[in-house]
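The values are calculated or read from the model by the stated rules, or taken from the named source; none is laboratory data. Given the structure is predicted, the values throughout are model-derived calculations rather than measurements. Using ideal geometry, Cβ is built from the backbone for each residue, glycine included, and neighbour counts are taken over all protein chains shown.
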Amino acid sequence: MKWFYIIALMVTLGLASAPFWLLKAEDTSRFEGKIVQYNIYPSKVNSIDAVTCGDTTSAAIQGNFYEGLYTYHYLKRPMEVIPDLADGMPEISADGLMYTVKIKKDVKYFRNPCFGKESDRRYKNRTVTADDFVLAFKRVGDYHINTRLSLAFVQDKLLGMEEYHRKTRNYAPGDFSRYEKEDLPGVVAVDEHTIQFKLAKPFPQLLYVLAMQCYAPIPREVISYHLATKDDGKGGRIPIPIKERSSTEIRTPEAVVGTGAFMLTEWVRGSKIVVERHPEYREVRYPSEGAPGDREMGLLEDAGKRLPFVDAKHMTCVTEPNPQWMLFLTKQRDYALIPPQVFQTVISPSHELLDAWGKQGISLRKDPYPAIYWIAFNMEDKIVGASKSLRQGLYLSFDVEEYIKTVWNGRGKRGLNIIPSTFKGHKEAGRGPYAHVDIETAKKKIAQAKEELAAAGVIGPGEDIPTITLDLGGRDELVRRIAQFIKGEFRKVGVRVKIELNDWPTLLGKINNKRFQTCTLGWHADYPDAENFLQNFYSPNIDLNTNYVSYINKEFDRLFEESSKHPNVKDRVPIYAQMAQMISEDVPVILLAEPVTYVLLRPWTHNFKYHPIAYGLGRYTRIDLDARVKAGGRK
Amino acid sequence: MTPEHTTLPPQQADGGDHLVSGRSLWGDARRRIMRDPWAMICLGIIVLYALIAIGGVCYELAAEHYDDVPAFEETSDYDNTNRHPSLESPRFYLGTDWAGKSVLYKTLLGVKVSLTVGFMANIVAIPLGVILGAIAGFYGKWIDTLIVWLFSTLASIPGIMLLIALRYAFEEIPPIFGIIDLAGVPGVCVALGVVSWIGTCRLVRAEVMKIRELDYVIAARAIGTPKFIIMLRHVIPNVLHLAIINFSLGFVWAVKSEVILSYLGLGVPVGVPSWGNMINAARTDLFMGRWWELTAAVGAMFFLVLALNIFGDRLRDSLDPKLRNV
């Protein structure tokens, strides 16, 4: 019996102490002597293939290793497009239908087994050619790859893209010969370092689209090696029969062959990502010009120096805001956003950093975020879609300022029209007629709506507006507060709301299938042009699901088409303003907030400037390792 | 035969100089409960909660029909958000939440949801458990095998996982008859009921297997009473005390589960004042030192659960003859 107790005690102690024995600390010896930037990413990375990128987290990660033809100037505001892989700005034909782009000749891919081996047994690499861009655009149009977002921007714009998409459907998914057999007349390699884009219709925003990294070049070798062959177990490769090729997309870190400043060296799904300096990264230097105030903030101290400044970036997946914040407090991260629940302990009522944080050397950066959040109405719905008065009444009942103050800690400003305030056309469009609170008028509008709906036979005479269903994406506390706030605001005018919380895929499914009545959503700019917001209401885009509210206005459509005929933005602005006013009047969406981001920086983090559109600008950030170690941060 | 036949023989009292009349199981249990001060205190607390819940229902009906009575969701006061508890006004006794709503009122309205869920979940679970348990125990053979297989299978799935799965499944179901919306509180009740009948079923089955061999059941069979009637009139009434005990204990489980489901975002709908929603909301507020919403919800739940547990224990002691002398 005595032994029983002794063994039981030992087993208990063993189990209790098991985590300390069995859980190994991460091996960071390979980072010895290197400058590593530590950060987090807030949700799972869904894609490491440029063409399938459809979410901001994936885009931010991919920005480290993929690059497009163009990018944005890191410091200048308003935003300015500059060449990245392109060798200069494009030559545009007089009719605006042909763009000719020269490619830099010194851009090298990462070394990868797909290129073969050097005599010293290192893997080979090669320089980027125009054909790699042609292949990238062919993959965008590939029916067998889920390229919804990257395809949406060019589907009806690039000559022959829709036809190419249709033709590739006839091939088996694993039959990659379609990339050679089918032509895409809209993207042509003129010579090894010149590419030509031919448009089906004028699209003055093409330059912005070419600044997206989802159109990054891809070598044909990657497809042939990583997707069409497999290890034979003897150190060689054997072809995979077409029917057995399981993937048309890049899903393993070994198959990521980019040109960026960092190479993907480790990806533990849903847990950790490590990117390390690309040793043969071409010569890219820190800008020597910036926006007013940048010099004073020390953002030009590294002007002219070669990029990147850090050797590696170590990112862990932390989805909850509290642990994200704790990692910043314990100096495990170099910069952080401020979670709403601690906002008041960090930021003063005048929206400045509280002294206690400033004394620790922490600094605050506030930057407008080119997005607008809104409550969208399904215009096909027999209640909210049928009655303009109802939508106008609900808009007038909604205290957006209070919403921003209460739910968003004041981190934003009211959206006055569908064009963000930092974009051209916003000022000209002016404040929408319903973008203010007026409960009395709202009640009159609701009464009018009841009459309209009764006349249409949707409700009986004297009946109330039926309960409206509001779908939201997410189940966290912030989403629940948004839902409760909206419910309370609409109740002021006697309209009841039923809340439905969904996870994101479910909400998107409902939206794509038009199975929603109202929902909260928004739009983050893909490029700094009002057209990017207005296209959400262009009726041919209903089929593409970008106009998911199903707004139809023939005059709006006419103006939208008219605007694309003007290559000069100044000529487009008055048209944009007119279109924005139509949206303000018809209220397919109730505009809520244009957000402002608040980023806290540790004192050892230099050159950090938030960019509202571009991803992959981490190459500009510099970490003072000595200062970080001295302050008790990570080595 | 009725439950009266199972009563104890007449007992002697007051020194045994005269005989008292016989008492039924129920009458005896009632007498024992009423003599137990703790049981009566707990019953008082439960009744108080029930009255608060009825008050909550009355308030909601008034808000529905009278314009001058604001609905709870209309009571936001953005000038008084996140206020500490104070004696300034009854509204502030337990402080206010992020939208300036009174935490005291929210806690009181939460009683309605908790009691509704606790009651309705057991209304689903107990009859299901008793009927299936009685059928399995009484008829035996393949029916017993089938029912045992059913509850064994269900019991092998972790309860909380099954609950979550059912809640997700209910979200896709349109309202039944346009009234019963399984995506809301009724769905929580049904899900809890569907998950929690197994314990009752097992107990009742075992008890019925014992009862069916007793003399009075054999006698009933001998005189040709149909099996179904025997089960209905002579067996089930004798296991009802188990149902009542399980009802009180299941109530506690349902209240706690509603809180867990709401904490996970799968409980009662957003905006409906419930303790689970309050705890969920307070999760982030604790970071800021706002303790009052969590404290109020947990405190309210603590007293109800404690009262129900103690009362359930005493009820079991009173109704189970075997435990009387323990």
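Things worth noting here:
- Residue selected from region B:58-79 under the condition outside any loop (DSSP other than H, G, I, E, B) and acidic (Asp, Glu), by the criterion surrounded by the most Cβ atoms within 10 Å (Cβ to Cβ): B:73
- Some residue of region A:46-66 being part of a strand (DSSP E or B), modelled with pLDDT of 95 or more and under 18 Å from the mean Cα position of the chain (by Cα): no
- Residue A:202 being out of contact with any helix residue (DSSP H, G or I) (no Cβ under 7 Å at 6 or more places or on another chain), part of a loop (DSSP other than H, G, I, E, B) and either of a type in the set (A, V, I, L, M) or at pLDDT 95 or above (or both): no
- For region A:469-491, a tally of residues being facing chain B (nearest Cβ under 8 Å) and either of a type in the set (Val, Ile, Thr) or crowded, with 20+ Cβ neighbours inside 10 Å (or both) returns 8.
- Qualifying residue in region B:50-57 (condition: surrounded by 13 or more Cβ atoms within 10 Å (Cβ to Cβ), within 14 Å of another protein chain (Cβ to nearest Cβ) and of a type outside the set (Phe, Trp, Tyr)): no
- Residue in region A:153-170 that is part of a strand (DSSP E or B) and within 25 Å of the chain's Cα centre (by Cα) present: yes
- Subset of region A:281-322 (residues that are within 24 Å of residue A:64 (Cα to Cα) and at pLDDT below 90): A:319, A:320, A:321
- Enumerated strands (runs of 3 or more DSSP E) restricted to region A:206-294, each holding at least 3 residues that are at negative phi and in contact (Cβ under 8 Å) with a residue 24 or more places away in the chain: A:262-268, A:272-277
- Scanning region A:296-323 for residues that are under 21 Å from residue A:266 (Cβ atoms) and under 20 Å from the mean Cα position of the chain (by Cα) yields A:313, A:315, A:316, A:317, A:318, A:319.
- In the condition set (1) without any contact (Cβ under 8 Å) to a residue 24 or more places away in the chain; (2) within 12 Å of chain A (Cβ to nearest Cβ); (3) in contact with a Pro (Cβ under 7 Å, 6 or more places away or on another chain), residue B:72 is compliant with all but (1).
- Here residue A:620 does not fit the description of being of a type in the set (Phe, Trp, Tyr) and either outside the structural domain of residue A:298 (by TED's automatic domain parsing) or surrounded by fewer than 21 Cβ atoms within 10 Å (Cβ to Cβ) (or both).
- The set of residues in region B:305-326 being in contact with a helix residue (DSSP H, G or I) (Cβ under 8 Å, 6 or more places away or on another chain) and at pLDDT 80 or above consists of B:305, B:306, B:307, B:308, B:309, B:310, B:311, B:312, B:314, B:315, B:317, B:318.
For (1) of a type outside the set (A, V, I, L, M, F, W, C); (2) under 23 Å from the mean Cα position of the chain (by Cα); (3) in a helix (DSSP H, G or I), each residue gets a yes or a no:
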site	(1), (2), (3)
B:280	yes, yes, yes
B:284	yes, no, yes
B:290	yes, no, no
B:294	no, yes, yes
B:297	no, yes, yes
B:304	no, yes, yes
B:311	no, yes, yes
B:314	yes, yes, yes
B:317	yes, yes, yes
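- Boolean, residue B:293 is more than 12 Å from chain A (Cβ to nearest Cβ), within 21 Å of residue A:475 (Cα to Cα), in contact with a helix residue (DSSP H, G or I) (Cβ under 6 Å, 6 or more places away or on another chain) and not aliphatic (A, V, I, L, M): no
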